[in-house]
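The values are calculated or read from the model by the stated rules, or taken from the named source; none is laboratory data. Note that this is a predicted model, so its numbers are computed, not measured. So basically every Cβ, Gly included, is an ideal-geometry build from the backbone, and we count neighbours across all protein chains shown.
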Amino acid sequence: MTCSGRFGRLNPPIELIRSDHLEALLTSSTMSASPTTSQSTRTVIACHRRANHVDDVPNEPRTTYESTHPTPPPYDIVEMITAHLIHDLDALKACSLTSSSWYTAAVPHLHHTLTFVGGGPDVDRSRLEPLSKLHELGLLPLVKAIRVEQWPAKGYWFVPQAFNPLTLHFFSTLTNVRALKLQHLEIHRFIRVLERYFGHFSQTLRSITLHQPCGTPQQLSYFLSRFPNLVYIGIQEAQTQIYNTIIPNAESIPPPAPRFRGRLVLSRTSSVEIWTRLIASCVSLQFRHNDLRWSEGCAPVLLEACAETLETLRFSNMSDRSLVGEGFRMGLSTDRS
């Protein structure tokens with residue numbers, strides 16, 4: 001298992017690197033990048049060529065100050081350039097090696113997403129140890145998104161037993177996370193200790209994507225209700241089997257009564273019970289956009305619950321034509337694909 005993120009150089013450089021070295025780094029990145037990214041990278045090269053007077057007339061005399069102390073571009077320009085390179089990590093790493101101002105602009109993009117990748121059925125607590133290094137370097141506050149990747153063929157490793165007291169403490173300091181993407185999350189394993197492992201995401205989380213989550217409809221609805229400020233919920237192929245795990249007494253944890261809004265995307269998830277339980281818990285569904293892909297079983301209850309706020313409704317492979325007609329009757333923008 002590896003724990004990785006958008007990691008560049010961990011400490012700000014003290015001196016400027018040579019412009020030709022930076023240009024070589026960026027040029028090699030441009031050769032393998034997309035056309036859009038390549039254009040952004042060429043912008044960085046041009047900026048540094050101007051700053052270092054690379055395109056000056058060859059025979060024109062230059063002062064010693066100009067040759068040894070290049071004039072850096074304004075910081076707002078640096079921020080604009082690095083913002084165009086968010087999908088080109090090699091270019092961002094090259095920018096971070098240029099100077100302290102370029103490092104400051106590039107490092108938030110480098111550490112924006114933290115990805116945990118692992119495989120194997122055995123629980124190994126050392127898989128989360130890189131959190132200690134990130135904490136030591138003060139980089140955890142920069143993390144805005146977390147991805148957990150695991151596959152059935154290799155076994156599920158992201159379980160409470162994978163944490164020790166130290167890594168759990170560092171994990172709980174990720175208080176600026178706005179997006180979670182979790183593969184094969186075994187919700188039934190976390191349900192009794194949900195607040196301990198996910199409670200610190202409660203107020204900041206805006207987007208959650210669950211790919212093949214494992215748990216009962218009751219457990220899944222309870223898990224979603226812990227994040228009251230979600231504006232995007234994506235559920236793909238929910239595995240709502242029966243697990244022998246009882247949800248804690250509702251009186252012990254006051255319900256946050258979230259007002260789900262924004263966009264709901266369901267793929268091959270037709271369990272009506274997930275949403276009926278949320279509605280029964282006095283949770284208001286205020287989604288504006290519903291994208292239902294092979295999930296027609298949920299459509300009637302969602303249409304009724306979101307009747308006042310729903311603006312667009314998209315169907316994929318819907319067998320019930322009456323649902324499309326109902327969408328038109330409600331004045332929705334509908335798309336059937």
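Kindly check whether there is at least one residue in the stretch 177-192 that is at pLDDT below 95, farther than 23 Å from GLU273 by Cβ, in the same structural domain as PHE260 (by TED's automatic domain parsing) and outside any strand (DSSP E or B).
No, the stretch 177-192 contains no residue that is at pLDDT below 95, farther than 23 Å from GLU273 by Cβ, in the same structural domain as PHE260 (by TED's automatic domain parsing) and outside any strand (DSSP E or B).
Output the residue which, of all residues in the stretch 202-216 that are of a type outside the set (Gly, Ala, Ser) and outside any loop (DSSP other than H, G, I, E, B), is farthest from the chain's Cα centre (by Cα).
The extreme case among them is CYS214.
Across the stretch 309-326, what is the number of residues that are modelled with pLDDT of 85 or more, surrounded by fewer than 18 Cβ atoms within 10 Å (Cβ to Cβ) and not hydroxyl-bearing (Ser, Thr, Tyr)?
1
Suppose we filter ARG192, ARG196, ARG206 for residues that are within 30 Å of ARG261 (Cβ to Cβ) and in contact with a Lys or Arg (Cβ under 9 Å, 6 or more places away or on another chain); which single one remains?
Matching residue, one of ARG192, ARG196, ARG206: ARG206.
Return a yes/no flag: does the stretch 172-186 have any residue that is free of Cβ contacts under 8 Å to residues at least 24 places away in the same chain and either among the charged types (D, E, K, R) or out of contact with any Gly (no Cβ under 8 Å at 6 or more places or on another chain) (or both).
No, that holds for no residue.
Please go through (1) among the basic types (Lys, Arg); (2) modelled with pLDDT under 90; (3) within 13 Å of the chain's Cα centre (by Cα) for LYS144 and return the number of the only condition it doesn't satisfy.
So LYS144 meets the others, but not (2).
Do you know which residues across the stretch 94-112 are touching a residue at least 40 places away in the same chain (Cβ under 8 Å) and surrounded by 18 or more Cβ atoms within 10 Å (Cβ to Cβ)?
ALA94, CYS95, SER96, LEU97, THR98, SER99, TYR103, ALA106, VAL107, HIS109, LEU110, HIS111
Can you tell me how many residues within the stretch 276-308 are in a strand (DSSP E or B) and either within 15 Å of TYR232 (Cβ to Cβ) or at pLDDT 75 or above (or both)?
Residues meeting the conditions: 9.
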